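Asker: For reference, the structure I am asking about is given below.
The values are calculated or read from the model by the stated rules, or taken from the named source; none is laboratory data. Fair warning: this is a prediction, and the values are worked out from it, not measured in the lab. Because the Cβ atoms are built from the backbone with ideal geometry, glycine has one as well, and the counts that use them run over all protein chains shown. Each accessible area value is taken on the protein alone, full model and side chains, heavy atoms only, with ligands, DNA and RNA left out. Shrake-Rupley method; radii C 1.70, N 1.55, O 1.52, S 1.80 Å.
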Amino acid sequence: MTSSLQAQDPLPQSRHIVTAIPGPKSAEAIARRKEAVSAGLGMAFPAVITRADGAIMEDLDGNRIIDLGSGIGVVTVGNSHPRVVSRVQEAVKAFTHTNFTTAPYLGYIEVCEALNDLTPGKFKKKSVLQNSGAEAVENAIKIARHYTKRQAIVVFEHAYHGRTNLTMALTAKNMPYKEGFGPFANEIYRMPMPYAYRWNGNAATMAADALDDVMHKIEKEIGADNVAAIIIEPIQGEGGFIVPPKGFLSGLSKYATQHGIVFIADEVQTGFARTGNYFAVEDEGVEPDMIVTAKGIAGGLPLAAVTARAEIMDSSHVGGLGGTYGGNPIACAAALGAMEAIREEKLVERAREIGAILHSALTAMAAKYPVIGDVRGRGAMQAIEIVMAGSKEPNPAAMASVIKYCQQQGVLILTAGTYGNVIRFLPPLVISDELLKEALAILDQALAAL
Ligand SMILES: *Cc1c(COP(=O)(O)O)cnc(C)c1O
């Protein structure tokens, strides 16, 4: 093992490719993976990682890869950020676990205080911590139902909320998330989503038309008084970075308030500095009753949260909420480190700068390559939709070639989308302009090579 030696030298923040991807050592480990690990897990990038720092990951064969995915929007502050590492080291030496509902500790309380403070809305808020986005979404729904004494949940086309039974039911896309995994939870009602690129109606009135449609369906098919919660991602993540038109989220939020419905923003992917605000709903000044966070909040450790109006969070009887590991002290320490990093390094502002670089480069590529049908997103959450040139027909084959080309050149890019044809960019916010531009130049080559 060379881990002690590796830990001593800093990982250079540069791309460096010495083998094909996967190289021979990665290929050998991937063969072991095939024998030992469930075939139900995908593998977007075929290289086995040994260490990572900032926006660079190194594999078993010594290749250094530019990370434009942040482990699906998780290491927003960069991999192994020093603030996260030092807080985690201190915490793990102090104690590893008590269970917060057995014997509490400060880290959990401090993370809740920070979330109550950072989430939009001047009203009194409280939080509860969990292990994963899906678990937090489940808790959000559970709490909203208990508070309203209603059952129906309104969700949207193209939505993604997780892989547990309830969150599969909330998620829109069948393959691969739901196929054969039913039966699903009931009292879930799916509404049309204004997806600008594929909207058949009048673009100018899209927000109002979509809202009318949603309100009509709620009234006729459910009854507004039966709805416990409306849950929506302020920018849909897995669905393909679908940005709702201005006025849609604020209209939904207003409608929810009028009818005593809890408005839940699932900010698991959009949250925490990613879009150039702490939360994506801030773009429209929306103040959700409840916000779900996970992914980017703890610098890579598993942590999730539900933050809501105090009266909603306090409506549950004692013992109604909890879990063995939720708000684990090491994960809380990591979250406090990540929050410090975001503040000290002004990563909210940095997300806007990264967004501007991404958006202008992608727009320039769209002008050259007709397979790019759409460029969209906000801040450091941008995407391109790949289509057959001259139409809007999804082109997942071209997307796959582009991804493969980038992989061979040591650039990790993620995909998304209901039609499997969206390339999404979620770089760590500590990436340098140079590294980002180098990765984008490789993407340009990949598109030219089609
Ligand atoms: C990833 C994601 C989830 C699920 O989070 P897990 O931690 O994978 O359970 C829920 N909602 C959104 C919007 C997500 O992007």
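Asker: Is there a residue being in a loop (DSSP other than H, G, I, E, B), modelled with pLDDT of 95 or more and loosely packed, with under 11 Cβ neighbours inside 10 Å anywhere in segment 29-37?
Answerer: Within segment 29-37, not a single residue is in a loop (DSSP other than H, G, I, E, B), modelled with pLDDT of 95 or more and loosely packed, with under 11 Cβ neighbours inside 10 Å.
Asker: Of the residues Ala208, Ala169, which single one is in a helix (DSSP H, G or I) and open to solvent by 20 Å² or more (accessible area, probe 1.4 Å)?
Answerer: Working: Ala169 fails: open to solvent by 20 Å² or more (accessible area, probe 1.4 Å).
Ala208 is the lone residue from the list that is in a helix (DSSP H, G or I) and open to solvent by 20 Å² or more (accessible area, probe 1.4 Å).
Asker: So the check is Cβ under 6 Å with 6+ separation or different chains; which pairs have a first residue in segment 244-266 that's hydroxyl-bearing (Ser, Thr, Tyr) and a second one that's open to solvent by less than 30 Å² (accessible area, probe 1.4 Å)?
Answerer: Sorted first by the residue in segment 244-266, then by its partner, the pairs are Ser250/Val286; Ser253/Phe263; Ser253/Val286.
Asker: Tally time: how many residues in segment 228-247 are away from the ligand (no atom under 16 Å from the Cβ) and buried (at least 24 other Cβ atoms within 10 Å of the Cβ)? Please lay out each step first, then the result.
Answerer: Narrowing segment 228-247 to residues away from the ligand (no atom under 16 Å from the Cβ): 228, 245-247.
Right, trim to buried (at least 24 other Cβ atoms within 10 Å of the Cβ) and you get 228.
Looking only at that region, the number is 1.
Asker: Continuing with this model, one more query. Can you work out which of the residues in segment 262-318 that are among the charged types (D, E, K, R), more than 27 Å from Thr96 (Cα to Cα) and near the ligand (Cβ under 10 Å from one of its atoms) is farthest from the chain's Cα centre (by Cα)? If you could, list the steps in order and put the result at the bottom.
Answerer: So the first thing to find is which residues in segment 262-318 are among the charged types (D, E, K, R), and the list is 266-267, 274, 282-284, 287, 289, 295, 309, 311, 314.
Those left that are additionally more than 27 Å from Thr96 (Cα to Cα): 266-267, 274, 282-284, 287, 289, 309, 311, 314.
Next cut, near the ligand (Cβ under 10 Å from one of its atoms) only: 266-267.
On the way: Asp266: 9, Glu267: 7 Å.
Here the residue is Asp266.
Asker: Quickly run through segment 387-403 and pick out the residues that are in a helix (DSSP H, G or I) and in contact (Cβ under 8 Å) with a residue 12 or more places away in the chain.
Answerer: To start, the set of residues in segment 387-403 that are in a helix (DSSP H, G or I) comprises 396-403.
Selection gives Pro396, Ala398, Met399, Ser401, Val402, Ile403.
Asker: Residues that are touching an Asp or Glu at 6+ places or on another chain (Cβ under 6 Å) and modelled with pLDDT of 95 or more: find the strands (runs of 3 or more DSSP E) completely inside segment 224-307 holding 3 or more of those. Explain how you work it out, then say what you get.
Answerer: Values: elements: 227-232, 262-266, 290-293.
In segment 224-307, 262-266, 290-293 are the strands (runs of 3 or more DSSP E) which contain 3 or more residues that are touching an Asp or Glu at 6+ places or on another chain (Cβ under 6 Å) and modelled with pLDDT of 95 or more.
Asker: Follow-up question, since we're still on this one. Looking only at residues in segment 114-138 that are within 16 Å of the ligand (Cβ to nearest atom) and open to solvent by 10 Å² or more (accessible area, probe 1.4 Å), which one is farthest from Glu284 (Cα to Cα)?
Answerer: Here the answer is Asn131.
Asker: Also, I was wondering about something else. Among residues belonging to segment 161-187 that are touching a strand residue (DSSP E or B) at 6+ places or on another chain (Cβ under 7 Å) and within 15 Å of the ligand (Cβ to nearest atom), point out the one that is farthest from Val243 (Cα to Cα).
Answerer: As a first pass, look at segment 161-187 and keep what is touching a strand residue (DSSP E or B) at 6+ places or on another chain (Cβ under 7 Å): 161, 169-170, 172, 187.
Subsequent filtering for residues that are within 15 Å of the ligand (Cβ to nearest atom) retains 161, 169-170, 172.
Details: His161: 16, Ala169: 22, Leu170: 19, Ala172: 16 Å.
In this case the residue turns out to be Ala169.
Asker: Looking at (1) within 13 Å of the ligand (Cβ to nearest atom); (2) among the hydroxyl-bearing types (Ser, Thr, Tyr); (3) in a helix (DSSP H, G or I), find the lone condition where Tyr147 falls short.
Answerer: All conditions pass for Tyr147, except number (1).
Asker: So, one more: Please go through segment 63-90 and pick out each residue that is open to solvent by less than 20 Å² (accessible area, probe 1.4 Å) and either out of contact with any Pro (no Cβ under 9 Å at 6 or more places or on another chain) or more than 17 Å from Ala294 (Cα to Cα) (or both). Working first, answer last.
Answerer: First, the residues of segment 63-90 that are open to solvent by less than 20 Å² (accessible area, probe 1.4 Å): 63, 65-70, 73, 75-78, 81, 84.
Passing the criteria: Asn63, Ile65, Ile66, Asp67, Leu68, Gly73, His81, Val84.
Asker: So how many residues does segment 308-339 have that are surrounded by 17 or more Cβ atoms within 10 Å (Cβ to Cβ) and assigned to a helix (DSSP H, G or I)?
Answerer: Number satisfying all stated conditions: 13.
Asker: When you look at Lys142, is it in a strand (DSSP E or B), modelled with pLDDT of 95 or more and either assigned by TED's automatic domain parsing to the domain that holds Leu303 or under 24 Å from the mean Cα position of the chain (by Cα) (or both), yes or no?
Answerer: On the way: in a strand (DSSP E or B): no; modelled with pLDDT of 95 or more: yes; either assigned by TED's automatic domain parsing to the domain that holds Leu303 or under 24 Å from the mean Cα position of the chain (by Cα) (or both): yes.
No: the conditions fail for Lys142.
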